[in-house]
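Enquirer: Encoded as C-alpha cells, here's the structure I'll be asking about.
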Amino acid sequence: MEKLINEFSVGLFFWQAVVFILLLFLLKKYAWGPILNSVNEREQGIKDALDAAQKAKLEMANLQADNEKLLQEARAERETMLKEARQIKASMIAGAKDEAQAEASKAIAGAQATIEAEKKAAVAELKQTVSSLSISIAEKIVKSELSNKDKQLELVESMLKDANVN
Amino acid sequence: MSAKSPTKQGASSEDTRSERKQKVKDYIAHHLLDSHDFGLFSYTDEVTQQKHHVGFPLPIILWDGGLKVFSSSKFHHGETVAQVDGNYYKIEHAKIYKTDAKGTITYDTSNHPTNIAPLDFSITKGVFMILITAFLMFFLFKSLAKSYGANAGIASGAGRFFEPIITYIRDDIAIANIGEGKYKKYMPFLLTVFFFIWFLNMFGLTPLGINVTGNIAVTTALALIVFIITTFTGTKDYWKHIFDPLGDGMPWAGKIFIYIILVPIEILGIFIKPFALLIRLYANMTAGHVVLGSLLGLIYIFQNWIGGTLSFGLAFAISLIEILVALLQAYIFTMLAALYFGFASETHEHAEEHDGEIAHL
C-alpha cells in the first residue's frame, strides 16, 4: 500500500483525467453519437422491414382466407339455387299434372253431358219417329178398316186421349 | 530505457548469477514505473564502455514556484542533474526531486528520499501514450462514424471490426446491466473506457515497453470518473437503498440496531466498488508485465541455449494469454462500471432483480 502511494504520480493522474474527459466529450460528439444513431437507425430499418414482411404475409393469408370464403359462399349459393330450381321443377310438374287431370275430367264431364243430351235428343226423335210411324201405320190400318169418317175420328180421339194420359 | 539494461550480454558476462538476478529485478521494477523520456532500448559500447540510449526525450513540466518547462534530455536518462533557472533537479525512481548542484539525495529511515518533489506535470512516457491512444481512438471512431454516411448506413474498413464490439457493449453490457430506458446516457463513457483500456493494454504488449494501464495513477483517474458518474446519476431509490435498505417493512425501533452496522457497510461500499476497479486493473496489468519481464529476464540469467529457448517459449505462451487478458480486463472494467451505473440508476420496481448480482461480486 505504501509502495502504491509512493508510486502515485500526480502529473500522470492529472493528464489521464484531463485527456480522458476531453476524449470522452470529443468522441461523444463526433463518434459515439453518430455511430450509435446509425446502428440504431439501421436496426430499426431492419425491424420495420421484417414487420412489414410479416404484415404482408398476414394480409396474404387473410386474402386467401377471404377468397376461400367467397368461393364457399358461391358454392353454397349455387347449391341453394339448384335446390330451388329442382323444387320449382317438381312443383311445376305437379301443378301441370293436376291441371291436366282437372282439364281431362272436365272434358270427360262435358262429353258425358253431350252424350246424355244427344241420347235424350235421340230418344225424343225416336219417340217422334215411332209415334209418327205408328200413326201412319195406324192410319193405314184404320183407313182400311174404317171407311166411316165419323167413326174414325171418334176412335182417334179416344186413342189420343189414351196417349196423352200416358 | 534503463541504466541497467540486460539486453546486451557482452559487458555483463562476468557477473555472478545473483547479480544478474538483482539486475533483472531492478529492470522490471523500473519498467513498471513511468519514465520521463521515451526510451526504446539501451546498450553499452564494448570498446568505450559507454552507455547508449535509443529513444527520444519528452518535455518536462514542473511547478516549482513558477512554471518550468524543459526537455528531459537535460537529465541524460537520469544520469545527471538538470539545471533550470538556477534550480537543480534529479530523477530518482522515476520521480523528480529538487537537489543541489552535486545531485545529493537524502533518504529517511525507510529509504524514501526526503528532498522536495516539485509538482510534476511532465509529458511522461505514460502521458505520451495516453495522448497517442486518444488521437488514435478519435480518428478511428470518427472515421467509423463518417463511413456510415458515405456507405448507406453500413460500416466500412476497420469499422467492420469495431462495430460488432460497439453493439456488444450496448446490448450485453449497457442494456443488460442498466436497462433499456436509461442506458443511453452512459454509453459514451462505457465505449470510451472500454476501447481506451483495451488499446492501452495492447500497447503494453508491444516491444515499446510501456505500462500505462498498470499504473496506479491512471487506474485511479478512471475509477474516480466511474465514482463521480455513479454518485451524480444516483436516483432516489439508489440512496434509499444505501441509507434505508430494509425499506418501510419494519418499524424504526427494530431497524435502528441493524442499521448501526448495515448503513456504514453500504456507505463503505460506495467507495469500495470503484476502489476495487482501480486495484483490479492495476494489479492484473502489473502482474502480466512482471511475469513477462521475469520470463524474459530468465534468458539473461541462464545465458545458455536451453534456458533461453525455454524462457522464450514460456514468454511467448504468456504473451498469448496476455492478449486475452488485455481484452478481458477492459471488458471487466466496463462491465463492472455498467453494473454500478445500473445500481445508481435503478428505480424501485427493478431493485429486486439485482439482489442476486450483488451477492456474487
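The values are calculated or read from the model by the stated rules, or taken from the named source; none is laboratory data. Small disclaimer: the values here were computed from a predicted structure and weren't measured. When we count neighbours, we look across all protein chains shown, and the Cβ atoms used for this are built from the backbone with ideal geometry, even at glycine. Side chains are part of the model used for accessible areas, which takes the heavy atoms of the whole protein and leaves out ligands, DNA and RNA. Shrake-Rupley method; radii C 1.70, N 1.55, O 1.52, S 1.80 Å.
Enquirer: Give me the angle, in degrees from 0 to 90, between the Cα long axis of helix A:149-165 and the longest principal axis of the Cα atoms of chain A, rounded to the nearest 10.
Expert: 30
Enquirer: Continuing with the same structure: When N counts the residues of the protein assembly as shown, how does its alpha-carbon radius of gyration compare numerically with 2.2 N^0.38 Å, as a ratio? Before the final figure, lay out each step's value.
Expert: Numbers: Rg = 59.5 Å, N = 527, 2.2 N^0.38 = 23.8 Å.
Expressed relative to 2.2 N^0.38 Å, the Cα Rg reads 2.50.
Enquirer: Putting +1 on Lys and Arg Cβ atoms and -1 on Asp and Glu Cβ atoms, find which of A:LEU63, A:SER105, A:GLN44 reaches farthest to the positive end of the dipole of chain A.
Expert: Value computed over the given set: A:GLN44.
Enquirer: Looking at chain B from every direction and averaging, what is the projected area of its Cα convex hull in nm²? Can you show the working numbers first?
Expert: Working: hull surface 102.3 nm².
Hull-based average projected area comes out at 25.6 nm².
Enquirer: Calculate what fraction, in whole %, of the accessible area of region A:80-141 sits on carbon and sulfur atoms when a 1.4 Å probe is rolled over the protein chains.
Expert: Numbers: 3610 of 5420 Å².
Carbon and sulfur atoms account for 67 percent of the accessible area of region A:80-141.
Enquirer: Under the rule of -39500 (n - 2.57) per DSSP H run of 4 or more residues, summed and divided by the residues of chain A, what mean residue ellipticity at 222 nm is obtained, to the nearest 500 deg cm²/dmol?
Expert: Working: 4 runs with 154 residues, N = 166.
Calculated mean residue ellipticity at 222 nm is -34000 deg cm²/dmol.
Enquirer: Follow-up. Taking springs between alpha-carbon atoms closer than 10 angstrom, which of B:ILE105, B:ILE299, B:ILE130 fluctuates most in the Gaussian network model of chain B?
Expert: B:ILE105
Enquirer: Around B:GLY214, what is the net charge, scoring Lys/Arg as +1 and Asp/Glu as -1 over all other residues with Cβ under 13 Å from its Cβ? Could you put the intermediate results ahead of the total?
Expert: Details: positive: B:LYS125, B:ARG280; negative: A:GLU7, B:ASP34, B:GLU322.
Combined, the nearby Lys, Arg, Asp and Glu give -1.
Enquirer: Find, to one decimal place in angstroms, the Kirkwood hydrodynamic radius of region A:24-166, where the mean of 1/r is taken over every pair of different Cα atoms and then inverted. All intermediate terms of the calculation are to be shown ahead of the outcome.
Expert: Numbers: mean 1/r = 0.0365 Å⁻¹.
One over the average 1/r among Cα pairs gives 27.4 Å for region A:24-166.
Enquirer: If you don't mind, there's one more thing I want to ask. Would you work out the charge dipole size for chain A about its Cα centre, treating the Cβ of every Lys and Arg as +1 and the Cβ of every Asp and Glu as -1, and quote it to the nearest 20 debye? Let's see the in-between values first.
Expert: Working: 23 positive and 25 negative charges, 48 e Å.
Approximately 220 debye in magnitude.
Enquirer: Let me see the P(r) profile for region B:130-277: every Cα-Cα distance counted, bins of 5 Å, each bin given as a percent of all pairs.
Expert: With 5 Å bins starting at 0, P(r) equals 2, 8, 13, 15, 16, 14, 10, 8, 6, 4, 3, 2, 1, 0.
Enquirer: If you count only protein heavy atoms with a 1.4 Å probe, what accessible area per residue comes out for region A:80-141, rounded to a whole Å²?
Expert: Values: 5420 Å² over 62 residues.
Here the per-residue accessible area is 87 Å².
Enquirer: Now a separate question. Averaged over its residues, how many other protein chain Cβ atoms are within 10 Å of peptide B:190-198's Cβ atoms?
Expert: Numbers: counts 1, 7, 10, 3, 0, 3, 6, 0, 0.
Whole-number average of other-chain Cβ neighbours for B:190-198 is 3.
Enquirer: Now, a different point. Mind checking A:33-45 for the average number of partner chain beta-carbons within 10 Å of each residue's beta-carbon? Mind showing how you got there, number by number?
Expert: Values: counts 3, 7, 16, 8, 2, 10, 7, 3, 2, 6, 1, 0, 1.
Per residue, the number of nearby Cβ atoms from other chains is 5 on average.
Enquirer: How many nm is it between the label spots at A:ILE115 and B:HIS76, if each spot is 7 Å from the Cα in line with the beta carbon?
Expert: Label-label distance for A:ILE115 and B:HIS76, simple model: 16.6 nm.
Enquirer: So how strong a dipole does chain B carry about its Cα centre when Lys and Arg Cβ are +1 and Asp and Glu Cβ are -1, to the nearest 20 debye? Kindly include the intermediate steps, with their values, before the conclusion.
Expert: Numbers: 27 positive and 30 negative charges, 166 e Å.
Taking the Cα centre of chain B as origin, the dipole is about 800 debye.
Enquirer: Can you give the helix-only mean residue ellipticity at 222 nm for chain B, where every DSSP H stretch with n ≥ 4 adds -39500 (n - 2.57) and the sum goes over all residues, rounded to the nearest 500 deg cm²/dmol? Before the final figure, lay out the partial values.
Expert: Numbers: 9 runs with 192 residues, N = 361.
My calculation for chain B gives -18500 deg cm²/dmol from helical runs alone.
Enquirer: Using a 10 Å cut-off on Cβ to Cβ distances, tally the other chain neighbours for every residue of B:215-225 and report the average as a whole number. It would help to have the intermediate numbers written out before the result.
Expert: Values: counts 6, 9, 12, 7, 2, 6, 10, 3, 0, 3, 5.
Averaged over the peptide's residues, the number is 6.
Enquirer: So which of B:LYS68/B:LYS90; A:LYS3/B:LYS74; A:LYS28/B:LYS240; A:LYS120/A:LYS140 end up more than 20 Å apart by C-alpha?
Expert: The answer is A:LYS3/B:LYS74; A:LYS28/B:LYS240; A:LYS120/A:LYS140.
Enquirer: Now a separate question. Modelled label-to-label distance, A:GLU43 and A:GLU125, 7 Å Cα→beta-carbon offset: nm?
Expert: 12.0
Enquirer: Note down the nm distance, to one decimal, between modelled labels 7 Å out along Cα→Cβ at B:MET202 and at A:LEU4.
Expert: That separation, rounded to one decimal, is 2.9 nm.
Enquirer: Expressed as a fraction of 2.2 N^0.38 Å, the rule-of-thumb size for a compact globular protein of N residues, what is the C-alpha radius of gyration of region A:80-141? Provide the component values of the computation, followed by the final result.
Expert: Working: Rg = 26.1 Å, N = 62, 2.2 N^0.38 = 10.6 Å.
Scaled against compact globular proteins, the figure is 2.48.
Enquirer: While we're here: Using a 1.4 angstrom probe, figure out how much accessible area chain B has per residue, in square angstrom, rounded to the nearest whole. Write out the running numbers ahead of the final one.
Expert: Numbers: 18110 Å² over 361 residues.
I get 50 Å² per residue for chain B.
Enquirer: Mind checking the full-extension length gain between B:ILE132 and B:LEU320? Use 0.36 nm per residue of separation minus the Cα-Cα distance, one decimal, nm.
Expert: 65.3 nm
Enquirer: A further question on this structure: Lys and Arg at +1, Asp and Glu at -1: add these up for the other residues within a Cβ distance under 14 Å of A:GLU125 and post the number.
Expert: Numbers: positive: A:LYS119, A:LYS120, A:LYS127; negative: A:GLU118.
Summing Lys and Arg as +1 and Asp and Glu as -1 gives +2.
Enquirer: Now a separate question. Using only protein heavy atoms and a 1.4 Å probe, how much accessible area in total is buried between B and A, to the nearest 100 Å²? Intermediate results must be reported in sequence, preceding the final value.
Expert: Working: alone 19860 and 15590 Å², together 31780 Å².
For chain B against chain A, roughly 3700 Å² becomes buried.
Enquirer: Hydropathy at least -1.0 by Kyte-Doolittle, axial extent at least 27 angstrom from the Cα trace: which helices of chain B, defined as entire DSSP H runs, fit? Don't skip to the answer; put the middle values down first.
Expert: Values: long enough: B:125-150 (37 Å, 1.37); B:252-302 (70 Å, 1.62); B:305-345 (59 Å, 1.70).
Passing helices, by number: B:125-150, B:252-302, B:305-345.
Enquirer: Here's something else I'd like to know. Which longest uninterrupted range of chain B lacks any GluC sites (Glu not before Pro) assigned by DSSP to a loop state (not H, G, I, E or B) and surrounded by at most 10 other Cβ atoms within 10 Å?
Expert: Values: sites that count: B:GLU14, B:GLU46, B:GLU180.
That would be B:181-361.
Enquirer: Still on this structure: Compute the distance from the alpha-carbon center of region B:131-198 to that of region B:282-316, in whole Å.
Expert: Here the answer is 35 Å between Cα centres.
Enquirer: If you take every residue apart from A:GLN112 with its C-beta less than 11 Å away from the C-beta of A:GLN112, what net charge results, scoring Lys and Arg +1 and Asp and Glu -1? Intermediate results must be reported in sequence, preceding the final value.
Expert: Details: positive: A:LYS106, A:LYS119; negative: A:GLU116, A:GLU118.
Residues close to A:GLN112 contribute a combined charge of 0.
Enquirer: Place a +1 charge on the Cβ of each Lys and Arg in the protein assembly as shown and a -1 charge on the Cβ of each Asp and Glu, then give the dipole magnitude about the Cα centre in debye, rounded to the nearest 20.
Expert: Numbers: 50 positive and 55 negative charges, 234 e Å.
Roughly 1120 debye, rounded to the nearest 20.
Enquirer: Taking chain B as a Gaussian network, Cα atoms linked when under 10 Å apart, which of B:ASP85, B:ASP120, B:ASP237 shows the biggest mean-square fluctuation?
Expert: B:ASP85
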